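First the structure, in the form of structure tokens, and then the observations on it.
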Amino acid sequence: NPYAGLVSHLRAAWLSGKTRPMEYRRAQLEALGRFLDEKKQDILEATALDMGKPSFEAYFTEILLCKNELNTTLNNLCHWMKDEHVDKNLVTQLDCAFIRKDPYGVVLIISPWNYPIQLFLVPLIGAIAAGNCVVIKPSEISKHTERLIAEMLSCYLDNDCFAVVTGGVQETTRLLENKFDYIFFTGTSCNPSVGRIIMTAAAKHLTPVTLELGGKNPCYVSDCCDVQNVARRVAWGRFFNAGQTCIAPDYVLCSVVMQEKLMPALREAITEFYGPNPQESPDFGRIVGDKQFRRVRALLCSGRVAMGGQTDEKERYIGEGPWSRGLWDHLCPSDVLPYPFSTAPTVLADVLPSDPIMQEEIFGPILPIVVVANVDEAVDFINARPRPLVVYAFSCDSKVVNQVLERTSSGGFCGNDTLMHVTLTSLPFGGIGNSGLGKYHGKFTFDTFSHHRACLHRSMGLETLNALRYPPYNQQKLGLLTATFEVKRKGMCTLL
């Protein structure tokens, strides 16, 4: 196996205990902070070259949110690493019972192309904080960002403990043949087939996994709401990063009356955001590549196009972008062709559940609207499908929002907005069922990459206290043993 030596090298470093001291972990985390600061412009340029990502969106998602994760971790690392002392029974009152947060060992992080910095860096922060050695596999689809990570990250992190592997499906397959102690995978499709491949590879070594798989995220809009505010918040969440966001609202569920109100409001919001011709807007991104563009374009046959629908397969958006040209000096022509592809922000009305666009995660700038009679029908529609990564609900009546929350199941939930729940490091992020397995962000990332080891340290003395559990057994010993070990329910009393 071409990666066996690399994994063995990292495992030897981990077994040496090098990554365990808090000072080492902090030093590596602070190095990641320098990477974000010193390579800020390179990150903006690489993401622009890969998918025409506006610098505002790139800074917000690829740099600012990563810095928040990093600073949250550095601010709390000392507390997170401490042993967690737990309750004891009468027999162990003089002993020490605690949970030790051990690193797993050598872990693998496989990241996607849609947020190529954030979605490898956030789990990496937690893996380093937990004391692991890490192999990072960035996506080959966002090739300029992949190159940046491969060439630059080694200048900041300890190469004995952290490594980047590049390549496509074949390289990833060979990499997965090696034994890792934890695998963290983020995909860009609700299709669970890739997740099954990861789990199958992990099962050969009994390796635990976290899977972030996405999904078709429903967005219910009740008849009682501020239509303009809903339109702006839904349009922002749907068309952010040209719709290539796993937590984007995938489709709207609303009544016929609300659909007619939303149409002009969405048109106004899209024009407000991107101007009368979004293709000319520096604030609207592009589809990452030819394969993804053709897949998204094929979905436009669903429902009726209420606005948008234009595509430009041959557009060369990255000719005169708002970013600097420093990275161009290091690229040859073959590196920058083809450029990203263009699909206008599109709204589809009267979409049927059987339409092609409702059969897969869209992952592009298209917003279908499906008509339902009321909130009950919306809930039934959601529950009849695989559980999504997030459910959105809009209403001026908090009872309606809470009703959707209580009667559905999803990885996360956001009421009266989109995307914003992931900006909080205090909330866990993850899927359920087809949308994923496991959670991360903030302390949840640290916990994900930590083995919570149950520990009891007893005294070598006081042996008389142990006599109750030793043979020969009798009824008196059993009664005393029950009295010292039994856990009683609170608030219960015994009538004498």
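The values are calculated or read from the model by the stated rules, or taken from the named source; none is laboratory data. For clarity, every value in this text was computed on a predicted model and none was experimentally measured. For neighbour counting, all protein chains shown are included, and Cβ atoms are generated from backbone atoms with ideal geometry for every residue, glycine included. All accessible areas refer to the heavy atoms of the entire protein, side chains included, with ligands and DNA or RNA removed. Shrake-Rupley method; radii C 1.70, N 1.55, O 1.52, S 1.80 Å.
Just one of 447, 380 is in a helix (DSSP H, G or I), of a type in the set (Asp, Glu) and within 30 Å of residue 101 (Cα to Cα); which is it?
447
Might you let me know whether region 336-358 holds any residue that is more than 28 Å from residue 40 (Cβ to Cβ), assigned to a loop (DSSP other than H, G, I, E, B), open to solvent by less than 20 Å² (accessible area, probe 1.4 Å) and modelled with pLDDT under 90?
Scanning region 336-358 turns up at least one residue that is more than 28 Å from residue 40 (Cβ to Cβ), assigned to a loop (DSSP other than H, G, I, E, B), open to solvent by less than 20 Å² (accessible area, probe 1.4 Å) and modelled with pLDDT under 90.
What number of residues within region 5-33 satisfy the criterion of being among the polar types (S, T, N, Q), open to solvent by 70 Å² or more (accessible area, probe 1.4 Å) and not in a helix (DSSP H, G or I)?
The total comes to 1.
Conditions first: (1) closer than 13 Å to residue 142 by Cβ; (2) modelled with pLDDT of 95 or more. Residue 52 passes all but one, so which condition is the exception?
Residue 52 satisfies every listed condition except (2).
Answer yes or no: is there a residue in region 202-214 that is among the β-branched types (Val, Ile, Thr) and farther than 15 Å from residue 437 by Cβ.
No.
Which condition number in (1) open to solvent by less than 10 Å² (accessible area, probe 1.4 Å); (2) within 19 Å of residue 215 (Cα to Cα); (3) among the charged types (D, E, K, R) is the one that residue 295 fails?
(1)
Please verify whether residue 484 is part of a helix (DSSP H, G or I), closer than 22 Å to residue 182 by Cβ and outside the structural domain of residue 386 (by the TED database), treating the condition exactly as stated.
No, not satisfied.
May I ask you to list pairs of residues, at least six apart or on different chains, whose Cβ atoms are under 9 Å apart, with the first in region 162-177 being under 12 Å from residue 149 (Cα atoms) and the second being among the acidic types (Asp, Glu) and in a loop (DSSP other than H, G, I, E, B)?
Every condition considered, the pairs that remain are 166/140.
Residues of region 359-377 being without any contact (Cβ under 8 Å) to a residue 60 or more places away in the chain and either in a strand (DSSP E or B) or closer than 21 Å to residue 226 by Cα (or both), which ones?
Scanning region 359-377 gives a single hit, 376.
Quick check on residue 100: is it touching a residue at least 24 places away in the same chain (Cβ under 8 Å), surrounded by fewer than 19 Cβ atoms within 10 Å (Cβ to Cβ) and in contact with a Leu (Cβ under 9 Å, 6 or more places away or on another chain)?
In short, no.
So which residues in region 393-406 are open to solvent by less than 30 Å² (accessible area, probe 1.4 Å) and not in a loop (DSSP other than H, G, I, E, B)?
Answer for region 393-406, where residues must be open to solvent by less than 30 Å² (accessible area, probe 1.4 Å) and not in a loop (DSSP other than H, G, I, E, B): 393, 394, 400, 401, 404.
Quick one: what pairs do we get from region 466-484, first residue closer than 19 Å to residue 88 by Cα and open to solvent by 70 Å² or more (accessible area, probe 1.4 Å), second in a helix (DSSP H, G or I) and of a type outside the set (Asp, Glu), C-beta under 6 Å, 6+ apart or different chains?
Short answer, once both residue conditions are applied: 480/468.
Could you go through region 41-53 and let me know if any residue there is touching a Phe, Trp or Tyr at 6+ places or on another chain (Cβ under 7 Å), surrounded by fewer than 20 Cβ atoms within 10 Å (Cβ to Cβ) and either within 25 Å of residue 450 (Cα to Cα) or in the same structural domain as residue 142 (by the TED database) (or both).
No, region 41-53 contains no residue that is touching a Phe, Trp or Tyr at 6+ places or on another chain (Cβ under 7 Å), surrounded by fewer than 20 Cβ atoms within 10 Å (Cβ to Cβ) and either within 25 Å of residue 450 (Cα to Cα) or in the same structural domain as residue 142 (by the TED database) (or both).
Got a number for residues in region 231-264 being open to solvent by 10 Å² or more (accessible area, probe 1.4 Å) and either more than 15 Å from residue 392 (Cβ to Cβ) or free of Cβ contacts under 8 Å to residues at least 12 places away in the same chain (or both)?
So the answer is 7.
Checking residue 455 against (1) in contact with an Asp or Glu (Cβ under 8 Å, 6 or more places away or on another chain); (2) part of a loop (DSSP other than H, G, I, E, B); (3) among the hydrophobic types (A, V, I, L, M, F, W, C), which single condition isn't satisfied?
(2)
Is it the case that region 59-77 has a residue that's assigned to a strand (DSSP E or B) and in the same structural domain as residue 44 (by the TED database)?
No, every residue in region 59-77 fails to be assigned to a strand (DSSP E or B) and in the same structural domain as residue 44 (by the TED database).
How about region 427-465: which of its residues are open to solvent by 70 Å² or more (accessible area, probe 1.4 Å), closer than 17 Å to residue 247 by Cβ and without any contact (Cβ under 8 Å) to a residue 24 or more places away in the chain?
427
Which one is most open to solvent (accessible area, probe 1.4 Å), of the residues in region 78-87 that are in contact (Cβ under 8 Å) with a residue 24 or more places away in the chain and in a helix (DSSP H, G or I)?
78
Is it fair to say residue 409 is hydroxyl-bearing (Ser, Thr, Tyr), touching a strand residue (DSSP E or B) at 6+ places or on another chain (Cβ under 9 Å), at pLDDT 95 or above and open to solvent by 30 Å² or more (accessible area, probe 1.4 Å)?
It is true that residue 409 is hydroxyl-bearing (Ser, Thr, Tyr), touching a strand residue (DSSP E or B) at 6+ places or on another chain (Cβ under 9 Å), at pLDDT 95 or above and open to solvent by 30 Å² or more (accessible area, probe 1.4 Å).
Can you tell me which residues in region 9-23 are free of Cβ contacts under 8 Å to residues at least 40 places away in the same chain and within 28 Å of the chain's Cα centre (by Cα)?
Within region 9-23, 21, 23 meet the criteria.
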